[in-house]
1. Does SER56 count as in the same structural domain as GLU214 (by TED's automatic domain parsing) and either assigned to a loop (DSSP other than H, G, I, E, B) or within 22 Å of PHE31 (Cβ to Cβ) (or both)?
2. Look at PHE31 and say whether it is over 26 Å from GLN244 (Cα atoms), touching a residue at least 40 places away in the same chain (Cβ under 8 Å) and not hydroxyl-bearing (Ser, Thr, Tyr).
3. Taking the condition of being outside any loop (DSSP other than H, G, I, E, B) and more than 20 Å from LEU196 (Cα to Cα), how many residues in the range 132-148 meet it?
4. If I ask for residues that are surrounded by 19 or more Cβ atoms within 10 Å (Cβ to Cβ) and assigned to a loop (DSSP other than H, G, I, E, B), which ones from the range 26-40 would you list?
5. Identify, by number, the condition in (1) surrounded by 11 or more Cβ atoms within 10 Å (Cβ to Cβ); (2) at pLDDT 95 or above that ASN137 doesn't meet.
6. Under the condition of being in contact with a Lys or Arg (Cβ under 9 Å, 6 or more places away or on another chain) and part of a helix (DSSP H, G or I), which residue from the range 167-192 is surrounded by the fewest Cβ atoms within 10 Å (Cβ to Cβ)?
7. Give all pairs with beta carbons closer than 6 Å in which a residue from the range 231-248 that is over 24 Å from ARG17 (Cβ atoms) meets a residue that is part of a helix (DSSP H, G or I) and among the aromatic types (Phe, Trp, Tyr); count only pairs at least 6 apart in sequence or on separate chains.
8. Looking only at residues that are surrounded by 17 or more Cβ atoms within 10 Å (Cβ to Cβ) and touching a residue at least 40 places away in the same chain (Cβ under 8 Å) in the range 41-68, which one is farthest from the chain's Cα centre (by Cα)?
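The values are calculated or read from the model by the stated rules, or taken from the named source; none is laboratory data. Quick caveat, the model's predicted, so the values are computed rather than measured. No Cβ is skipped: glycine too gets one built from the backbone with ideal geometry, and neighbour counts run over all protein chains shown.
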Amino acid sequence: MNIEKELAELERRENVRVLYCAEAGSRAWGFPSPDSDYDARFVYVRTVEDYLKLGSQRDVIEWKLDDTLDINGWDLRKLLRLLYNSNPVIFEWRGSPIVYRTTDFWEKNAPLFDEYFSERAVINHYLSIARSDFSNNLSHDRVKLKKYFYILRAIWACRWVIEKHSPPPVPFDVLCGEYCPEELRGTIGALLEKKLAGQLGSGTHITPLTAYAEQSIRELTELAAAYEKLPPKGWDTLDRIFLQSLDR
């Protein structure tokens, strides 16, 4: 899939400069189905003239959405404002193992994002995903079996943050290797094979996985409650990053 060609075309049409683009979703996590689309997420900057215009401009570009491609991106200014509150999506994009484009600017400044990493915010984000997917799927008699991967990944991401005090890695296999109980590895491995082959639909509960997820969510909820909300960092670093991006 020629994502770079799409990026070049959107730069020309939108008059922007793409600083970074990476895969998000199941391909980045490592468990795509054969028919999974490409979820490309990019960060862009406009010209100085555009930022100085009195009329407001959208800070999102939804470039393409079809059966194969899902390409959209954020203005760097939007990304930095969300980073101020430790938006976990930004750390996921930065940590993607599939990068379609990067720049010297991104490589220089992306490590500075860690200054705004909040354990509390990121844990609550992943815990919310685990709770929601459990409630919406595993509370029924028949379940979408792929949801086990979303729930487990979110649970293990929480554990990573709690133990290692850093953004969790994106690939599922890294988190699985670190936190999957030995007695569940065979079950998860068999499930993963079916997912990669496109043979994973709906079915009855996998009792050991459901029980593990329920217990883990309960434990993590108690641990998350102990995190205090810290005062936000200042804007200085983010302001410098944005102003540097305007120096072409």
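1. Numbers: in the same structural domain as GLU214 (by TED's automatic domain parsing): no; either assigned to a loop (DSSP other than H, G, I, E, B) or within 22 Å of PHE31 (Cβ to Cβ) (or both): yes.
When the stated conditions are applied, SER56 does not pass them.
2. In short, yes.
3. Initially, the range 132-148 is screened for residues outside any loop (DSSP other than H, G, I, E, B), giving 132-138, 142-144, 147-148.
Among the residues that remain, those that are also more than 20 Å from LEU196 (Cα to Cα) are: 132-138, 142.
Adding up the residues that qualify gives 8.
4. Hits for the range 26-40 are GLY30, PHE31.
5. (2)
6. GLU178
7. LYS233/TYR116
8. In this case the residue turns out to be VAL45.
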